[in-house]
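These notes concern the structure reproduced below.
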Amino acid sequence: MAIEKILKDDASEEKGERARMASFVGAIAITDLVKTTLGPKGMDKILQSTGRGHEVTVTNDGATILKSLHIDNPAAKVLIDISKVQDDEVGDGTTSVVVLAGELLREAEKLVAAKIHPMTIISGYRMAAECARNALLQRVMDNKGNAEKFKSDLMKIARTTLSSKILSQDKEHFAQLAVDAVMRLKGSTNLEAIQIIKKPGGSLKDSFLDEGFILDKKIGLGQPKRIENAKILVANTAMDTDKVKIYGARVRVDSMSKVAEIEGAEKEKMREKVKKIIAHGINCFVNRQLIYNFPEELFADAGILAIEHADFDGIERLALVTGGEIASTFDNPESVKLGHCKLIEEIMIGEDKLIHFSGVEMGQACTVVLRGASHHVLDEAERSLHDALCVLSQTVNDTRVLLGGGWPEMVMAKEVDELARKTPGKKSHAIEAFSRALVAIPTIIADNAGLDSADLVAQLRAEHHKEGCNAGIDVISGSVGDMAELGISESFKVKQAVLLSATEAAEMILRVDEIITCAPRKREDRM
């Protein structure tokens, strides 16, 4: 009994086999959860929070699903992390990366049961991953030089990314939207410049891309409704001090007239401030805080458009896009950077009025206005579009492109299989297992479409033994199809990230041979 008492009372530890079982079971459960969302015929999940408001999210974005789960299993947490990283790094492939890692572990479990040491499995997996990556590198297409071809590559990638999402019905429309938006960025991956505004109403087809910047505010009363060659001062300052506020202010006065004097002084202060602001030679003033009616009158008299209470995200973007900076003091106009744009006008979207800034300094800025039946649809549309935008902006930087539809996995599996035949010793089992895990991805894509996966994958494998074959799974016709003709492409960067992250995650979980769960601290210790 004496030996057992190293750990505190409530802490538990699981050793060797049991620990490994726990991590495998957790990881595989997570994989089974998200794998039904993979591919063009993948299903969506409804996530309902137990907090107040019982918010409902409908999504099939792997990272979003996993982010919303609260999980106790350490191995499952590792998988959630890799899907988050995949989301941050390249934006798409969040489901694939989890599925691949899970399949690798599923295979590893069988190998461990066959008394192969985890370290042997890991070194086999490493060799296999390296080999798979090289197989892809040999088969990439790169149309960097040819602008026309490259643009059609981008369109194909956008279509492929969107076809597994809610936007698949109108994927032509949205692919065009996404490609146009990313082409405007001219090679920067700063997606800040693409603003997405969601307005319920209309159908998804009514979504459009607008050059310039749209601020979700109305123009105040008595203000000019359109301004050309605008000089914009973006500010974050209090414009609501022209009256004595009843609450929180303690003023002792002898008579009511004294209060009026104080108010007069306040008013003068306000007038001074407005004068200073006008002295910048602007014709549009955007403030993050409220603007009371007195300063608003002063601005209107000076013919300046005053916009109040612009939300912070909007105002930061506005400053970025028009090339200005957010100011909070106005004493030295020469040091304040003003924003510029050609035209400010009020537009209607649905039944809301918005302010449209066109011809902005930062030429790459644009706004996507999403329309849709409900908030859930819009949120999911935004997530899907965001994935597409991320992938495209990454592809503009790294122009290598692969075919999609399970083709890359088959190419990798074939090479990895050949490596397994050449490798002596127990490692070859692990390498073979890696190839089986890769084949699981086309299998799942076919399963999700309700096709006979065993038959299709066997056909695919046979096809891939021919040189230079482009076969992948065509879920629409339910057979093996030519991916090059169907125009199903993926970004090399996404695939590479999936491959490497999944291998590393599987390796990390395999290394575990003991799980120690610490007891929670008791309340009374802290007194």
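At a glance:
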| read-out | value |
| --- | --- |
| Selection from the range 203-247 of residues that are at pLDDT 80 or above, more than 20 Å from C284 (Cβ to Cβ) and either open to solvent by less than 50 Å² (accessible area, probe 1.4 Å) or not in a loop (DSSP other than H, G, I, E, B) (or both) | L204, K205, D206, S207, F208, L209 |
| Residue match in the range 371-389 (condition: part of a helix (DSSP H, G or I) and among the basic types (K, R)) | yes |
| Contacts under 8 angstrom Cβ, first residue in the range 499-517 being outside any strand (DSSP E or B), partner open to solvent by 50 Å² or more (accessible area, probe 1.4 Å) and of a type in the set (K, R), 6 or more apart | L499/R133; L500/R133; T503/R126; E507/R126; D513/K15 |
| The range 137-148: number of residues that are charged (D, E, K, R) and either open to solvent by less than 70 Å² (accessible area, probe 1.4 Å) or under 21 Å from the mean Cα position of the chain (by Cα) (or both) | 0 |
| Qualifying residue in the range 68-77 (condition: under 19 Å from H386 (Cβ atoms) and in contact (Cβ under 8 Å) with a residue 24 or more places away in the chain) | no |
| Check on A437, surrounded by fewer than 17 Cβ atoms within 10 Å (Cβ to Cβ), within 28 Å of D142 (Cα to Cα), outside the structural domain of I157 (by the TED database) and in contact (Cβ under 8 Å) with a residue 60 or more places away in the chain | no |
| Among residues of the range 279-330, those that are in a helix (DSSP H, G or I) and not charged (D, E, K, R), counted | 14 |
| Of residues in the range 149-202 being at pLDDT 85 or above and among the polar types (S, T, N, Q), the one least open to solvent (accessible area, probe 1.4 Å) | T161 |
| Residue within the range 338-351 that is of a type outside the set (D, E, K, R), part of a loop (DSSP other than H, G, I, E, B), loosely packed, with under 14 Cβ neighbours inside 10 Å and touching a residue at least 40 places away in the same chain (Cβ under 8 Å) present | yes |
| Filtered residues of the range 461-476 (kept if touching a residue at least 40 places away in the same chain (Cβ under 8 Å) and open to solvent by less than 60 Å² (accessible area, probe 1.4 Å)) | H464, N470, A471, G472, I473, D474, V475 |
| Some residue of the range 115-129 being open to solvent by less than 70 Å² (accessible area, probe 1.4 Å), among the β-branched types (V, I, T), touching a residue at least 60 places away in the same chain (Cβ under 8 Å) and closer than 16 Å to S501 by Cα | yes |
| Qualifying position, being in a loop (DSSP other than H, G, I, E, B), open to solvent by less than 60 Å² (accessible area, probe 1.4 Å) and in contact with a helix residue (DSSP H, G or I) (Cβ under 6 Å, 6 or more places away or on another chain), among G39, G26 | G39 |
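The values are calculated or read from the model by the stated rules, or taken from the named source; none is laboratory data. For clarity, every value in this text was computed on a predicted model and none was experimentally measured. Quick reminder, even Gly has a Cβ in these numbers, built from the backbone with ideal geometry, and neighbours come from all protein chains shown. The accessibility values were calculated without ligands, DNA or RNA, using every heavy atom of the protein model including side chains. Shrake-Rupley method; radii C 1.70, N 1.55, O 1.52, S 1.80 Å.
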